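The values are calculated or read from the model by the stated rules, or taken from the named source; none is laboratory data. The structure displayed is predicted, hence computed values, not measured ones. Because the Cβ atoms are built from the backbone with ideal geometry, glycine has one as well, and the counts that use them run over all protein chains shown.
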Amino acid sequence: MTDDEKREATTYRIKCWGSSSYQIDKLVMGVEVDQYQLTIKFDGRALLDLWCNCPGFRIQQFPKIEHKHIKIALDYQKQGEPTWAEYTIKGTGKNAKIKFIRSDS
């Protein structure tokens, strides 16, 4: 399988674990291959802190809010936090575009 085929076969599933904690599972052809933990803290409407345990988050050279897993979590909040929502990601880094696919609810 080529890298392009792997990207096409990759989805991300998200679940909320409290008021500011999220889990994102990376799936390749429906099989979980990685798992990330995220925290997004707000004070009212003001964003206080963003964190993701993926290696790319720590080394990226662009604003944390543009990180692909953070983008998924923010869209997930906007969608109303449906149960096990799934996304795809096209591109990398700050140019990554997320797309909501479906949810179990």
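Of Phe62, Phe57, all but one fail to be over 21 Å from Ala9 (Cα atoms), outside any strand (DSSP E or B) and in contact with a Gly (Cβ under 8 Å, 6 or more places away or on another chain); the exception is Phe62. Looking only at region 78-105, residues that are of a type in the set (Gly, Ala, Ser), surrounded by 13 or more Cβ atoms within 10 Å (Cβ to Cβ) and assigned to a helix (DSSP H, G or I) come to 0 in all.
Filter region 51-77 down to residues that are in contact with a Leu (Cβ under 8 Å, 6 or more places away or on another chain) and under 13 Å from Tyr36 (Cα atoms) and give me whichever is surrounded by the most Cβ atoms within 10 Å (Cβ to Cβ). Restricting to residues being in contact with a Leu (Cβ under 8 Å, 6 or more places away or on another chain) and under 13 Å from Tyr36 (Cα atoms), the top hit is Ala73.
Cβ separations smaller than 7 Å between residues 6+ apart or across chains give the following pairs from region 56-81 residues that are on the phi > 0 side of the Ramachandran plot to residues that are modelled with pLDDT under 95 and surrounded by 13 or more Cβ atoms within 10 Å (Cβ to Cβ): Glu81/Cys16.
For region 37-58, which positions are touching a strand residue (DSSP E or B) at 6+ places or on another chain (Cβ under 6 Å) and charged (D, E, K, R)? Within region 37-58, Lys41, Asp49 qualify.
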